[in-house]
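I have placed the structure first, in the form of structure tokens, so that the comments after it can refer back to it.
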């Protein structure tokens with residue numbers, strides 16, 4: 001499971017001209033589900049993300065986590081995080097999980113984040129979305145559950 005975490009001042013998702021998810025200060029998480037990902041990957045990834053200390057203290061040093069500041073989360077499904085561009089010009093998505101299973105794990109990821117008491121908004125899985133991200137910093141971190149211990 002791969003996540004691109006962007007620290008944001010605000011973020012929203014628009015589908016067919018309507019806002020379907022919107023947050024203030026917190027994380028925009030673009031989430032990709034890969035073949036073989038499990039609920040254990042979800043637990044590891046969520047714990048790591050929510051405890052990342054990437055919000056600054058008074059001295060401008062990364063000191064606080066999303067949980068520390070009471071931040072919000074917008075989760076957007078992003079199968080293209082599993083694009084393989086090694087061969088040719090058109091990306092292959094063979095490492096991305098099949099849509100039905102990916103949606104199950106995406107929804108479990110959202111529920112796991114909520115279990116920490118965090119306000120969570122989402123896009124709509126499998127639809128074309130306009131994602132507005134006011135990246136704060138900018139700060140962008142990529143986390144892969146397979147690289148976590």
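The table that follows gives values for the structure above.
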read-out	value
Relative compactness, region 62-116, computed as alpha-carbon Rg over 2.2 N^0.38 Å	1.55
Residue 90-residue 128 FRET efficiency (beta carbon distance; Förster radius 25 Å; 0.05 resolution)	0.85
Ranked list, fewest to most other Cβ atoms within 10 Å of each Cβ, for 74, 30	30, 74
For the chain, the spread of Cα positions along each principal axis, largest first, Å	48, 41, 31
For region 1-77, convex hull of alpha carbons as volume per residue, Å³	94 Å³
The chain - mean residue ellipticity at 222 nm from DSSP helices (-39,500 (n - 2.57) per run, n ≥ 4, rounded to 500)	-6500 deg cm²/dmol
Extension reserve of the residue 14-residue 64 stretch, reckoned as 0.36 nm per residue once the Cα distance is removed	15.0 nm
Euclidean distance between Cα centres, region 58-75 to region 104-132, Å	19 Å
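Read the figures in this text as sums done on the coordinates, not as results from a lab. Since this is a predicted model, take the numbers as computed values, not measurements. Heads up, the Cβs are rebuilt from the backbone with ideal geometry, glycines too, and the neighbour counts pull from every protein chain shown.
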